[in-house]
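Have a look at the structure below before the remarks.
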Amino acid sequence: MAAQPAHSPAPEEEAPTPASLSLPSIPGDTPEDADTSWLREVYQGDRLPQLTARAVLLGGGIGATTCATNLYAGLKLAVVFPVAITAALLAHSAHGALRRLAPGVSGAPLSPLETCSAQAVASSAGYATGGALISVQGAWLLTTGSHPPGWALFAWTLLLSALGVFFAVPLKRRLIDHEQLPFATGTAAAATIRALHTPGSGPRLGPRLLGVGGVVAGLVTFVREGLGRLPYVIPFPGALAGVPLERLGFGLETTLLTVGGGALLGLRLTASWLLGAVLVHGVLAPRVLSAGLVPSDGDFLAWSLWPGTAALTTASLLHFALEGRVLGRALRGLRAGGARTPHPVDALQVPGRWVLLGVAVLGPAILAVAHVGFGVPVAHAALAVALSFVLCLIACRVTGETDATPVGPLQQVTQLTFGALLPRNLEANLATAGITVNSASSAADLLSDLKTGHLLGAHPRRLFLAQLLGTVVGAVAVVPLFFLLVPDRSVLGSERFPAPAAAMTAGMAQVLSNGLGSLPPSTRAAVLWAALLAAVLALAERLLPERWRRWVPSPLGMGLACLVPASTALGFFLGALAAAVTRRVRPLTDGGVVTLAAGLIAGEGLVGVAIVLTQALW
């Protein structure tokens, strides 16, 4: 590791230049001008410590923590939350606390670039590494009834996450340096680090709110799940069409995970989610139950999973297809930039031979694990790896322009492709989908971190190494934790871990394997109507005039309502509503609403994981 010593530079060397603390983008009429401006006015990699041992250790510890919280949240809910800003705040706050407790050990304050490196390690470990466990590997357990071998799952997670990091490297110069795509999360993380390291900016509200949210959510979780003194859901009284509201899933959840998640997802998506819950659980469910389509003691969600999967798949793929200009730019980027004049900035980039060597080592290793550990034919595994490069390219472009990584649609593209190539091989369908999920999320995460570093003047090669180290930390932390939290199939679908993403992935794999004809006629009709409604809403989102578009319910929110109880949809909506009211009444500095929401998610996730592990091991 090309790490630098944690030395204390001279004061005049330690202070970043004014430009590096204020530039939202790099000025320049041409790519070469932008490179020159960045090298002259922003670059700090030779003046400030960056990839130090303490930054890596700090980022690794935070990454292991965020692995646990995101795995817990992903198994409970249908979403996973980026951790870049939270990781930056935690790194700065944790080192500040260490300096107060042990000043002789902790050394000088972290430089902005050390905070950036710690955030990159933590983000890689906490966000990019475990996504496939929540969806694809959970679906594997649901459909096969058993886990894959531990060695195979560990190697699968590590190798594919590392492959995504290498796949992203050739895209960095074009998407970040020259086109300067927003990468909103990466830009926000850079702004957060700037604020934390700007002299004389006063008290930091962000770390305080992060701590408050974590403590409150952790205490509520401990009282509910540790002491058993608080129910998970307080059911609403009354009935609809003769069916008790409790049976239909209407109630108030005592979890703050959904409240924090709603604050991050926004009011439109969560309001659509609640509307879908009212229609699905309040109107459709009583009719389904009274018609006997679901046994009196059965689970309505096991039936509504099918139309929900159809709606989410249709909406995701249609949105993906409608991004024609984005996809075209992504594919054109494959052949662009070959004849460019060399620039001194090129010497700071990851060498091309590193990329070739990394892919040459990782590619055959992935093929071997896919074949031996997951039963995928070698030729089909090779096709999946090649397809994943194109899908990584698309994921990085879409993330850069919209800040939303289209992992779901890309996974579904892979499942549809291999559903046609291997129509009866359910295991291969899931394993190849895992290639896309892991590599695409890892690639997009690397470019978001590189965007943060680019705005702060970080050395790009050192951030690449930080990201690679994060994939190791993530795999070491998240795979054993997954086995501990989910020891067998019975855990998934329970109140503790509903695992809606796993259920949706498994449902699609089963349909592709067995065909729609394997479903009862009433379920097939619901699937077709849900797909049609999702398509209409997705088209309306894109084609209606702007003044009408905001009133169109989100098809993703409506589809999610089929996968979780109505009480969960209500929790998300209340979180989004509280965040919207707070922003309007009293805007908070340092992204206070986002930070508080992240604290709620982290607090419940950490305490919830600790309780599950304690109950499992003792």
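Only the Cβ atoms of Lys and Arg (+1) and of Asp and Glu (-1) were treated as charged; on that basis the dipole of the chain about its Cα centre amounts to roughly 540 debye. Packing around the peptides 566-574, 116-124, 301-309, taken as the average count of other Cβ atoms within 10 Å per residue, puts them in this order, highest first: 116-124, 566-574, 301-309. Among Glu541, Glu32, sorting on how many other beta-carbon atoms sit within 10 Å of each Cβ, with the fewest leading, yields Glu32, Glu541. For Val280, Val220, Val607, Val215, the sequence from fewest to most other C-beta atoms within 10 Å is Val215, Val220, Val607, Val280. Averaging the sequence gap over all C-alpha pairs within less than 8 Å and six or more residues apart, then dividing by the number of residues, gives the chain a relative contact order of 33 percent.
Of the residues Ala190, Val223, Leu257, the one whose Cα sits farthest toward the positive end of the charge dipole of segment 158-272, with +1 on the Cβ of Lys and Arg and -1 on the Cβ of Asp and Glu, is Ala190. Distance from the C-alpha centroid of segment 386-453 to that of segment 139-167: 14 Å, rounded to the whole angstrom. Taking other Cβ atoms within 10 Å as a rough exposure proxy, Lys172, Lys76 sort from fewest to most as Lys172, Lys76. Each of Pro565, Gly493, Leu455 was placed along the dipole of segment 449-581 (beta-carbon charges, centred on the mean Cα), and the one lying farthest toward the positive end is Leu455. Charge dipole of segment 487-618 (Cα centre as origin; +1 on each Lys and Arg Cβ, -1 on each Asp and Glu Cβ, all else neutral): 440 debye, rounded to the nearest 20. Close amide H pairs (under 5 Å, H built 1.01 Å from N) link Leu240 with Leu245, residues at least 5 positions away or on another chain.
Ordering of 419-427, 437-445 by packing is 437-445, 419-427, highest average first (other Cβ atoms within 10 Å, averaged per residue). Taking Cα centre as origin and charging only the Cβ of basic (Lys, Arg, +1) and acidic (Asp, Glu, -1) residues, the dipole magnitude of segment 398-482 rounds to 180 debye.
Where a number appears in this text, it was derived from the coordinates with a stated rule and is not lab data. Model, not experiment: these values are computed from the prediction. Methodologically, a virtual Cβ is constructed for each residue, glycine included, from the backbone with ideal geometry; neighbour enumeration extends over all protein chains shown.
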